[in-house]
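Note sheet for the following structure.
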Amino acid sequence: MQQKHDHFKSNMAILVALVTILGAMAACRATVASSNASDADFEGVSAAIKAQKAEIVNEISAYEHNRAYTSYVRYLGLGSLLYDEGAKSDPASFESQWKELWGLADTMKIYFFRPRYVNLENGLYDIQRELDEERADDAQFNDLNPQPHFDRSDSLRWRSAILTADLIVFAIAFWLLTLAQIIENRLKYFLAALGVLTALAGTLTALLAGVWS
Amino acid sequence: MNSEKRSPGEERFDKLISVLIASVAILVAITAFLQNFASNRSNQSNRTAQALAIESTNREVSGALQFSYDWQSAYQTWYEIDQQVISAEQSGDTGAAERYRALKEEIVPLSPLLTEPYFDATSNRSDTAKYISDIYLVESTRLAELYEAHSAVGRAWGDMANAFVIQITLLTVTLSLYGLSVTLKGRVRWLFVVVGSGIVVVCVLWMGLVFLQSKPRVSEAAINAYAEGVGLAYQKKFDEAIAAFDKALAAKPDYANAIYERGFTYLSMKANERAISDFLAARDAGLQTVYMQWNLGWAYYLEGRFDDAIQANNIILDSDPTVIGMRMNQGLTRLAAGDLAGARLEYDLAIQEAAHQVKEARDINQEPSASLWYYMDAASIDLQNLVDQLLGNPREWTEAPDAGFVTGDREQITGFALDQIILLKEATLTLEYTGQLPPAQEVMAVSPFAFGTITQTDEQGYVTEFDEVTDATFPRYTPSVDVQFSYTGPVPTKQIMWKVFYDGVEDASFRGLWDPDLSGSDTWYKTVGFNYTNVFVLSPGEYVVELYVDYHLVQTGTFYVLEE
């Protein structure tokens, strides 16, 4: 009888050790998940900075183009008005002026803005279209979207939280098995069974946490 | 090696310790879970705050770029053409005026700044404050406030996570004490158990306290109302701004920035007591900034509470004695309180500090801060405002305490202020142009200015007739005013400079160096205004003309252009 009793105690001791190891493994995985979440946050913020940098550079360029387009409208408009004025009286009267102004307008168009973005229907420079196209271009070569990184970080943090909560389950299993080890009556079998079941539940949760995330 | 057999009492003790260790292990696991939860919340809030900070900065830069285009390209082009219309009309070239008018219309669609609701056809001006407010100020303020709020949440959760880490450490000590107790005998082992259990009790209580502590929250309703208020205050719609700040404070009564901004709006409305009350409330709510303290001191000064003002200013000066603007305010406050010796000390310290900062910057081929010149100019304007108030001649722009609040001999205070204004103006000029304080030297004496119009000149361009306007008051649409003066004494050897102050503030477009050979005559003329163009006239208001010779202010005169 004494031998059987010692055997039970030894088994309980092994189970307690096993539960402790499982708990340590869960804690380790939780820490790794938490660390990876921080890395994902950093990558997300880095993508956000790159995106904003690209946007500012594009905006500076687009507004410079818009400035040149404004000069273009001015030169073109004034040239046209002088041309019309000359046409009404003496065609040669303003010729040198409107030729000069139209030449300046063409200089703007050829060198200082992108005529493709001039909206031919309303005569305005479509700065938003230029910005959108530039953004799409940048996104082909750079990671400019922080959201996927932030989503991954949230998922990893959730895994970390589940695994840390799992430590409580393993601690309860540890408590039940310890109690089973020191109790001398039949209740110890019940506590041992409950401890084993709790440990299994903890193990299952730890495995599922990996799968779910 | 024989192991000593344990007594039944010891075995019972061992079993008790085993249960205690297992129980503390559960508590450790719970604490670890809470620490992980708090840490995750902290990291998420900090991440959100970082993203908002980036977005806020981008919004502001992007908005500033957009405004820069709208103002300095579209509006500027439109305005230039408008001036061409005026010039053509003045010259009688109706054809050109018509062409420019048509061209102006072609520029209008290029920017919202040239159309309603931003453009006012009556004044021919755009409401830039409303435009800036609409395109980025409100939104960037909102994002910046959200950043602050999320950062505060992140810090609070971070503090909580740190508290849990300490608790876990303490619980580990408990486990160690329990473990050691089984190796001991007698009463000592119970001491280990009691101390360990005491730590557990402390940890559990601490955990409860951490939970019960209120956490900062992000109130989007309050932040939205606050940002709206900032935009309205920027447009000088003070009543509406106050209503918006009230709304923000109804949603979050301890919102320090909203309390401060409401106070600042009250200060702009000259409701000084209310401003003081809000500044103090903002301070109590945790806003401990230099600008808050600065404005509190200023509001006390305007309200005639000079002792409180000195105390408030000292808080800034004690932490940083090099803040020149604050030192000047302190001098002004002491002067209004009748402490002339104290005022002189403060102004002397301020001028010495300014000279030191200029020298320090120039010694390493850098420039001093732009605000240095602003505060030097502002100090003489503040003194002039105090003088105007004491002489019963406050202007529309005068910002000074009521004359009744000023204590001490008013004549002495006025005399001191006028002398100090000259010292400050000369110091500002020499520091800006030479990096040194004004040299002590004899300069020419200049007669009081006579204002009028040059009516005739000879072939060489010398003035032969000058029509003086004795009351120095000119009708509206006067394009320029001529200043006549004569001098005695040595001719200038270094520099002659003119400055013109329009309605109390220097109009730097009139600032200029003058280099005639003064030895040729003892009477000279200077034109102030726009006689070289047919586009501009002098705006109605007060013009103070100052003449500096070799960095010394030798004469000042005032003329007026009437509204009608």
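General observations
Table: residues versus (1) part of a helix (DSSP H, G or I); (2) over 30 Å from B:Ser219 (Cα atoms).
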{"site": "B:Phe264", "(1), (2)": "yes, no"}
{"site": "B:Leu280", "(1), (2)": "yes, no"}
{"site": "B:Arg283", "(1), (2)": "yes, no"}
{"site": "B:Ala312", "(1), (2)": "yes, yes"}
{"site": "B:Leu317", "(1), (2)": "yes, yes"}
{"site": "B:Pro321", "(1), (2)": "no, yes"}
{"site": "B:Met326", "(1), (2)": "yes, yes"}
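- Restricting attention to the range B:514-542, the residues that are among the aromatic types (Phe, Trp, Tyr) and touching a Gly at 6+ places or on another chain (Cβ under 9 Å) total 1.
- Unique residue being buried (at least 20 other Cβ atoms within 10 Å of the Cβ), modelled with pLDDT under 90 and within 14 Å of another protein chain (Cβ to nearest Cβ) when the list is A:Ala171, A:Ala209, A:Ala165, A:Ala180: A:Ala209
- Candidate set from the range B:448-465 (those that are part of a loop (DSSP other than H, G, I, E, B) and more than 40 Å from the chain's Cα centre (by Cα)); member that is farthest from B:Gln484 (Cα to Cα): B:Glu459
- Checking the stated criteria, B:Tyr502 turns out not to satisfy the condition of being under 20 Å from B:Glu432 (Cα atoms), surrounded by 15 or more Cβ atoms within 10 Å (Cβ to Cβ), hydroxyl-bearing (Ser, Thr, Tyr) and not assigned by TED's automatic domain parsing to the domain that holds B:Ile421.
- Filter result for the condition that a residue is aliphatic (A, V, I, L, M) and surrounded by fewer than 20 Cβ atoms within 10 Å (Cβ to Cβ), over B:Val230, B:Val194: B:Val194
- Answer from B:Asp409, B:Asp458, B:Asp419, B:Asp388 - the residue that is outside the structural domain of B:Gly529 (by TED's automatic domain parsing), modelled with pLDDT under 95 and of a type in the set (Asp, Glu): B:Asp409
- One residue stands out in the range B:109-125 among those that are more than 24 Å from A:Glu121 (Cα to Cα) and either outside the structural domain of B:Trp78 (by TED's automatic domain parsing) or over 31 Å from the mean Cα position of the chain (by Cα) (or both): the one that is surrounded by the most Cβ atoms within 10 Å (Cβ to Cβ), namely B:Ala121.
- Some residue of the range A:67-74 being more than 10 Å from chain B (Cβ to nearest Cβ) and part of a helix (DSSP H, G or I): yes
- You will find that of A:Tyr117, A:Tyr83, the residue that is surrounded by 14 or more Cβ atoms within 10 Å (Cβ to Cβ), within 14 Å of chain B (Cβ to nearest Cβ) and over 49 Å from the mean Cα position of the chain (by Cα) is A:Tyr83 and no other.
- Which numbered condition A:Ser93 misses (of (1) assigned to a helix (DSSP H, G or I); (2) more than 9 Å from chain B (Cβ to nearest Cβ); (3) surrounded by fewer than 17 Cβ atoms within 10 Å (Cβ to Cβ)): (1)
- A search for C-beta distances below 6 Å between a residue of the range B:106-135 that is among the charged types (D, E, K, R) and any residue that is assigned to a helix (DSSP H, G or I), counting only pairs 6+ apart in sequence or on different chains, returns B:Glu106/A:Val73; B:Glu106/A:Gly77.
- Count of residues meeting criterion [within 14 Å of chain B (Cβ to nearest Cβ) and loosely packed, with under 13 Cβ neighbours inside 10 Å] in the range A:133-150: 1
- Within the range B:56-105, considering residues that are acidic (Asp, Glu), more than 19 Å from A:Ile56 (Cα to Cα) and crowded, with 16+ Cβ neighbours inside 10 Å, the one farthest from the chain's Cα centre (by Cα): B:Glu89
- Residue check for A:Val118: touching a Phe, Trp or Tyr at 6+ places or on another chain (Cβ under 7 Å) and among the β-branched types (Val, Ile, Thr): yes
- Unique residue being touching a residue at least 12 places away in the same chain (Cβ under 8 Å), within 30 Å of A:Leu22 (Cβ to Cβ) and at the interface with chain A (Cβ under 10 Å from one of its Cβ atoms) when the list is B:Ile21, B:Ile30: B:Ile21
- Residue within the range B:406-428 that is touching a residue at least 40 places away in the same chain (Cβ under 8 Å), part of a helix (DSSP H, G or I) and of a type in the set (Lys, Arg) present: yes
- The range A:10-59, residues that are more than 33 Å from the chain's Cα centre (by Cα) and loosely packed, with under 14 Cβ neighbours inside 10 Å: A:Ser10, A:Ala13, A:Ile14, A:Ala17, A:Ile21
- All positions within the range B:415-430 that are under 23 Å from B:Gln389 (Cβ atoms) and of a type outside the set (Phe, Trp, Tyr): B:Gly415, B:Ala417, B:Leu418, B:Asp419, B:Gln420, B:Ile421, B:Ile422, B:Leu423, B:Leu424, B:Lys425, B:Thr428
- Filter result for B:Gly304 (touching a residue at least 12 places away in the same chain (Cβ under 8 Å) and at positive phi): yes
- B:Ala343 vs. criteria in contact with a Leu (Cβ under 7 Å, 6 or more places away or on another chain) and hydrophobic (A, V, I, L, M, F, W, C): yes
The values are calculated or read from the model by the stated rules, or taken from the named source; none is laboratory data. On a predicted model such as this, the values are computed, not experimentally measured, just so you know. Glycine also receives a Cβ, built like all others from the backbone with ideal geometry; neighbour counts cover every protein chain displayed.
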